[in-house]
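*Asks:* To start, I am sharing the structure in question, which I have written as structure tokens.
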Amino acid sequence: MRFSEEKVALRDAVRKMTEKEITPFAAEIDESDRFPEAWKKVMGEMGLLQMWVPEEYGGPGGDLTGVCIVKEETARGSLTASALACNNSIALILPLLHFGTEAQKQKYLPRSACGELMTAVAMTEPHAGSDVSGMKTRAVQQANGDYVITGQKCWITWAERADYVLVFAKTGDGPPHENISCFLVDSKTPGFRLGRKERKMGRNGAPNHEIFFDDMVVPGDTLVGELGKGFSACMRILDLNRPTIAASSLGLAQAAFDLSVAYCKERRAFGKTIGQFQGMQFKLADMAMKLEAARHMLYGICDEIDSGDLSRLQVIASMCKCYVTDVAMEVTTEAVSIFGANGYSKEYPLERMMRDAKLNQIIEGTNEIHRMVIGRALVR
């Protein structure tokens, strides 16, 4: 892809940081499932946690293309690092920029711009994952304007570390697009309680927890956007963020591909390198074609969104997220096959990459849901 000089400089700086600070420690973070404090510090100092904060609020003033470059480059070292990069975007920056009041922007965005805040989104519930409208958590407004929130969330990434959590809750009993609201909640609020930590197949080091709201009282000004319009806000925020999931998958797949090419040039069998066998060349060729197509799709869609044209946002966001994450699963699986027994060994990073790739086919709407979104749009 052809990027501006500014974007190329960003890519090169993040790639250099990843090679020095992330890749050498990725296996240890995966093995220990320990939160990467050092990664958070360096990303905050580089302006990567707060990438999307506009300059007028003290931030870097990034756009979707820039965020995806950061996500792709950090994912080459670790999917956990990529999840940490631009952490404030979906839970704080995007909701406030699109739906927040000026007072909320002035309160939170400069704090985010300092690069020290961690945030989380509390949307998923035990019986409401892809079906957001099925959530049970409720927020009841009191006479003084405060809200009392009760309920449970699960699989909340960064909940243990978050300073603020964007909580989605029912505020009425009618259709979901009229009765779900969102609240930007301080995690130190009485009644906010962490539950068990999930044990996961991959993306270790990025903790997921249950959250319980035990009659948690929050001020009225924590409401983000209009009362009852949180469902629509949620869908818009997710659509804007979905290309970043694709970017993480692209970086992960690119790393697996690069390792595969190098291995094919080095590993010898039957008197020659395995890269000289046509079967291996075909594997690499298929991987390369899929990566090239995925990269052009991702950044072409980023360019369309950054231009301000959101007329196709939902469909192209679903296409991008679905296709690129599928490619990552295919490429990492093939990479394990190229490495053979070594690919299955924890001494090499391929098995971790394959485990991590699976997650992105599931989060932010399963790829089956995205195929439904695309299909319905085609026959509407």
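*Asks:* Which of 97, 61, 23 sits closest to the plus end of the dipole of the stretch 5-113, meaning its Cα is farthest towards the positive end, when Lys and Arg get +1 and Asp and Glu get -1 on the C-beta?
*Replies:* So the residue we want is 97.
*Asks:* Another question, if that's okay. With label points built 7 Å along Cα→Cβ from the Cα atoms of residue 33 and residue 285, find their separation and express it in nm.
*Replies:* Simple spin-label model gives 4.3 nm for this pair.
*Asks:* Sticking with this structure for a sec: Using Cβ counts within 10 Å as a stand-in for footprinting exposure, how do 96, 194, 64, 378 rank, fewest first?
*Replies:* On the way: 96 25, 194 14, 64 22, 378 8.
Sorted ascending by nearby Cβ count, the order is 378, 194, 64, 96.
*Asks:* Which FRET efficiency value, to the nearest 0.05, is calculated for residue 107 and residue 270 with the Förster distance at 51 angstrom and r the Cβ-Cβ distance? Mind dumping the intermediate values first?
*Replies:* Numbers: r = 67 Å, r/R0 = 1.30.
With R0 = 51 Å, the Cβ-Cβ based efficiency is 0.15.
*Asks:* Using the charge dipole of the stretch 232-379 (Lys, Arg: +1 at Cβ; Asp, Glu: -1 at Cβ; taken about the Cα centre), state which of 234, 262, 287 has its Cα farthest towards the positive end.
*Replies:* Highest projection toward the positive end goes to 262.
*Asks:* Dipole of the stretch 1-81, Cα-centred, from +1 at each Lys and Arg C-beta and -1 at each Asp and Glu C-beta, to the nearest 20 debye?
*Replies:* On the way: 11 positive and 16 negative charges, 34 e Å.
Computed charge dipole of the stretch 1-81: roughly 160 debye.
*Asks:* Further question: Among all the lysines, which ones have a C-alpha under 19 Å from residue 7's C-alpha, if same-chain residues fewer than 8 places away are not counted?
*Replies:* Within reach: 16, 71.
*Asks:* Continuing with the same structure: Would you work out the charge dipole size for the stretch 137-193 about its Cα centre, treating the Cβ of every Lys and Arg as +1 and the Cβ of every Asp and Glu as -1, and quote it to the nearest 20 debye?
*Replies:* Working: 6 positive and 6 negative charges, 38 e Å.
It comes to approximately 180 debye.
*Asks:* Send over the semi-axes of the stretch 237-278's equivalent ellipsoid, whole angstrom and largest first, taken as the square roots of 5 times the C-alpha gyration tensor eigenvalues. Don't skip to the answer; put the middle values down first.
*Replies:* Details: eigenvalues 261, 10, 4 Å².
Each semi-axis is √(5λ); the values are 36, 7, 5 Å.
*Asks:* Can I ask one more? With bins 10 Å wide starting at 0, give me the P(r) of the stretch 119-228 over every alpha carbon pair, in whole percents.
*Replies:* 16, 49, 29, 6, 0
*Asks:* Another one. In debye, nearest 20: dipole of the chain around its Cα centre with unit charges on the Cβ of K, R (+) and D, E (-)? Can you show the working numbers first?
*Replies:* Working: 45 positive and 49 negative charges, 186 e Å.
Its charge dipole is roughly 900 debye.
*Asks:* Go ahead and estimate [θ] at 222 nm for the chain from helices alone: -39,500 (n - 2.57) per DSSP H run with n ≥ 4, summed, over the residue count, rounded to 500.
*Replies:* Details: 14 runs with 191 residues, N = 380.
Estimated from H runs of four or more residues: -16000 deg cm²/dmol.
*Asks:* Based on the Cα coordinates of the stretch 232-379, what is the per residue volume of their convex hull in Å³?
*Replies:* Details: hull volume 16.1 nm³, N = 148.
Per residue, the Cα convex hull of the stretch 232-379 comes to 109 Å³.
*Asks:* Within the stretch 278-380, report the GluC sites (Glu not before Pro) that DSSP leaves as loop and that have at most 13 other Cβ atoms within 10 Å. Don't jump to the answer; show the numbers that get you there.
*Replies:* Numbers: sites: 292, 304, 330, 334, 347, 351, 364, 368; in loops: 347, 364.
Answer by residue number: 347.
*Asks:* What does the convex hull of the alpha-carbon atoms of the stretch 5-113 project to on average, in nm²? Before the final figure, lay out each step's value.
*Replies:* On the way: hull surface 26.5 nm².
About 6.6 nm², averaged over all directions.
*Asks:* For a footprinting-style exposure proxy, rank 140, 121 by other Cβ within 10 Å, fewest first.
*Replies:* Working: 140 13, 121 25.
Ranked by crowding around the Cβ, least crowded first: 140, 121.
*Asks:* Which of the peptides 212-222, 270-280 is most tightly packed, and how do the rest follow, judged by the mean count of other Cβ atoms within 10 Å per residue?
*Replies:* Values: 212-222: 16.3, 270-280: 12.6.
Packing order, densest peptide first, comes out as 212-222, 270-280.
Just so you know, all these numbers are worked out from the coordinates, no wet-lab data involved. Quick caveat: nothing in here was measured; it's all calculated off a predicted structure. Please note: Cβ atoms are built from the backbone with ideal geometry, for glycine as well, and neighbour counts cover all protein chains shown.
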